[in-house]
Amino acid sequence: YAATVACSLAYLLLKQQDSVGCIAFDELVRARTSIRSTRAHLSTIAAALQANEPAGKTDPGAILRELAETQPRRGMIILISDLFGDTDSILRGLRLLRQKDHDVIVLHVLDDDELDFPFDNPTRFEGLELPEQLTCNPRALREGYLRSMKAFLQKVKRGCARDAVEYNLLRTSEPLDAALAAVLSKRTAAARAH
């Protein structure tokens with residue numbers, strides 16, 4: 001879902017002749033495309049994303065801080081992530097980008113199961129970022145999990161609002177065209193207000 005969002009946005013930006021680049025990362029940068037404005041560049045971005053499936057822990061905060069130090073010109077930075085990691089580090093990285101006068105957008109991609117925790121029967125949960133498993137009765141965890149998820153979402157939203165970072169929550173169950181239309185509509189309305 002996140003890769004498709006990235007390619008869709010790259011397509012829209014390239015179509016209006018803006019320059020686009022892409023960084024795919026986990027704890028390290030796994031792929032980095034150059035910043036170009038040719039339509040053929042879309043295939044380079046798609047290939048980089050396809051070749052680098054998510055694996056292991058991610059560290060968006062470190063990548064954002066590096067980007068703030070190495071991106072010389074003011075531009076638009078779009079972070080597409082589940083934001084699972086060190087939230088304070090991520091928010092510091094976003095703040096640094098804003099301080100360097102970049103236009104920063106967060107597309108927070110989460111699955112409905114992560115947001116709603118609909119599990120009722122004994123379930124084995126397998127970590128995607130760590131090789132750990134947990135077999136449990138999810139009903140016993142639901143209340144605490146949902147409370148933690150709500151606190152996490154509030155912290156991220158507040159941090160983004162404080163630093164004038166545009167925040168958008170995207171559910172993977174939401175049709176991609178509707179999700180992107182909502183993001184673009186929100187941006188258009190905000191631009192008109194200023």
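For the chain, the antiparallel share of DSSP beta bridges with both residues in that region comes to about 40%. Mean projection of the Cα convex hull over all viewing directions, computed for segment 1-46: 2.9 nm².
Label points 7 Å out from Cα along the Cβ direction at Asp112 and Gln154: separation in nm? Spacing of the two 7 Å Cα→Cβ label points: 2.6 nm. Per residue, the accessible area of the chain comes to 60 Å², computed with a 1.4 Å probe over protein heavy atoms only. Based on DSSP H segments of at least four residues, each scored -39500 (n - 2.57), the chain has a per-residue ellipticity at 222 nm of -16000 deg cm²/dmol.
The mean of 1/r over all pairs of different alpha-carbon atoms in the chain, once inverted, gives a Kirkwood hydrodynamic radius of 18.0 Å.
By the equivalent-ellipsoid construction on the alpha carbon gyration tensor, segment 88-194 comes out with semi-axes of 32, 17, 12 Å, ordered largest to smallest.
Carbon and sulfur: what percent of the chain's accessible surface (1.4 Å probe)? Result for the chain: 52 percent of the exposed heavy-atom area is carbon or sulfur.
Charged side chains reduced to their Cβ positions (Lys and Arg at +1, Asp and Glu at -1) give the chain a dipole of some 920 debye around its Cα centre.
Remark: segment 1-113 is approximated by an ellipsoid whose semi-axes, taken from the C-alpha gyration tensor as √(5λ), come to 21, 18, 13 Å, largest first.
The values are calculated or read from the model by the stated rules, or taken from the named source; none is laboratory data. None of these values were measured; they are calculated from a predicted model. All Cβ positions, even for glycine, are placed from backbone atoms using ideal geometry, and neighbour counts span all protein chains on display. Accessible surface is based on the protein model in full, side chains and every heavy atom, while ligands, DNA and RNA are left aside. Shrake-Rupley method; radii C 1.70, N 1.55, O 1.52, S 1.80 Å.
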